[in-house]
Amino acid sequence: MTEPLLSLEHLTKTFPVTSAGLFRRRTDRVHAVDDVSLEVMPGETLGLVGETGCGKSTLARCITRLHDVDDGRIVFAGEDITHHSRVRMRGVRRDVQMVFQDPYGSLNPRRRVGSIIGDPFVIHDVGTPAERKRSVQELMERVGLNPEHYNRFPAEFSGGQRQRIGVARALALRPRLMICDEPVSALDVSIQAQVLNLLLDLQDEFGLTYVFISHDLSVVRHVSDRIAVMYLGKVVEVAPSAELFTQPRHPYTRALLSALPVADPDVSDSRRRIVLAGDLPTPTNPPAGCRFHTRCPRAREDCASTVPPVEPVLGDRPEHRTACLHPLGDGEDLAADRPAVGDSEITATEEELSA
């Protein structure tokens with residue numbers, strides 16, 4: 001059996017909340033990532049979805065060690081990199097790169113594109129200046145940019161072109177793992193398709209492994225082999241992409257899927273939208289037990305006291321794991337359940353994922 005390229009074992013990350021004023025003191029902690037365990041196999045794309053604030057981007061930055069973790073282990077290619085120093089991480093970062101969400105903020109506006117893409121070669125002392133320039137121009141051509149624009153500044157490129165520059169920079173040293181943190185969310189729909197197809201082509205050509213983060217379920221469904229759903233810092237369901245969309249077990253996953261737009265107006269009009277009760281709890285004081293029980297229509301008394309393990313339920317395969325004490329069976333209608341008691345009732349919509 002193939003060993004995972006990346007393993008996250010009980011990863012936890014919190015951020016301190018400090019008071020305002022001259023004498024700052026810590027008042028609380030934000031539980032951004034809490035006891036997350038995931039595996040990424042070589043050559044696959046693991047999609048990571050959830051509403052804004054659920055911990056997706058924090059998890060990505062923990063994987064690349066841009067954030068130090070509070071607890072847990074990060075194992076890459078069989079090596080525990082959790083506590084590597086900056087010097088030791090330099091070698092690892094040849095194999096682990098990241099494409100950031102904002103194509104405008106991730107590029108230095110005062111530097112020319114050739115220098116930006118060529119930074120990995122300089123940092124890792126790869127090739128002569130002439131060889132670096134040639135490699136940069138080859139990368140620009142590979143991602144769909146004109147190599148003659150080597151000396152232009154980022155401001156002279158469109159948003160989609162800037163994201164291609166970010167992809168070229170991440171691809172420079174031929175990494176094994178690329179973390180894509182919502183790489184198309186800031187782009188027009190037509191440009192999104194071009195960038196997604198570019199990422200898929202690069203994966204086939206170079207054998208890349210992706211962790212693809214997005215709040216757009218349609219995008220994740222298109223590019224992912226497996227999908228992990230996060231809610232309030234925890235993974236609530238992991239499954240192969242097709243299986244997650246046809247047989248979701250967790251009520252939160254089912255609610256998210258009910259918000260997906262449908263092209264057929266007749267199907268859209270007849271579909272029942274799932275209503276969630278209450279507001280999203282604060283990450284500084286998350287609920288005990290199951291994090292979702294305060295909004296779940298299927299919540300029972302044990303949900304408030306027992307933390308559900310992420311494991312196969314209802315006879316699912318080991319690849320399909322769910323953190324729920326009362327999972328949904330095949331064909332069960334969550335919309336028919338009585339909503340949990342809350343301050344107000346809201347509908348799980350696409351805006352909830354991107355607000």
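Values in this text are rule-based calculations from the coordinates and carry no lab data. Note that this is a predicted model, so its numbers are computed, not measured. As a convention, Cβ positions derive from the backbone with ideal geometry for all residues, glycine included, and neighbour counts pool all protein chains shown.
Each of ILE116, PHE15, VAL167 was scored by the projection of its Cα onto the charge dipole of the chain, and the greatest displacement toward the positive side belongs to ILE116; charges sit on the C-beta of Lys, Arg, Asp and Glu.
Can you tell me the length gained on complete extension of the stretch VAL307 to ASP125, counting 0.36 nm per residue apart and subtracting the Cα distance?
Contour length minus Cα-Cα distance gives 60.7 nm.
Answer rounded, prolate or oblate for the range 111-178, using the Cα gyration tensor with square roots of eigenvalues a ≥ b ≥ c: rounded when a/c is under 1.5, else prolate when a/b is larger than b/c, else oblate. In terms of gyration-tensor shape, oblate. Here the gap between VAL17 and ALA193, fully extended at 0.36 nm per residue and compared with their Cα-Cα distance, gives a gain of 59.5 nm. Overall shape: oblate for the range 202-267, with the ratio a/c of the largest to smallest alpha carbon gyration tensor axis at 1.5 or above and b/c at least equal to a/b.
For the chain, the fraction of C-alpha pairs farther apart than 29 angstrom is 44 percent. By other beta-carbon atoms within 10 Å, ranking GLU237, GLU3, GLU44 with the fewest at the front produces GLU3, GLU44, GLU237.
Using R0 = 45 Å, the C-beta based FRET efficiency linking ARG152 and GLU39 works out to 0.65. Between helix 159-171 and the chain there is an angle of about 80 degrees, using the helix long axis and the longest principal axis of the Cα atoms. Compactness of the range 45-167 was expressed as the Cα radius of gyration divided by 2.2 N^0.38 Å, which yields 1.20. Here the range 96-174 is assigned +1 on the Cβ of each Lys and Arg and -1 on the Cβ of each Asp and Glu. Its dipole about the Cα centre then comes out at about 80 debye. A full extension of the chain between THR246 and GLU332 corresponds to an added length of 29.8 nm, given 0.36 nm per residue minus the alpha carbon distance. Give me D for the range 94-227 in µm² s⁻¹, whole number, from Stokes-Einstein with Rh from the Kirkwood sum over alpha-carbon pairs, 20 °C and 1.002 mPa s. Roughly 143 µm²/s, to the nearest whole number. Beta-bridge orientation, the chain: approximately 65 percent antiparallel, per DSSP, counting only bridges with both partners inside.
A Förster radius of 25 Å combined with the Cβ-Cβ distance from THR284 to GLU9 puts the calculated FRET efficiency at roughly 0.50.
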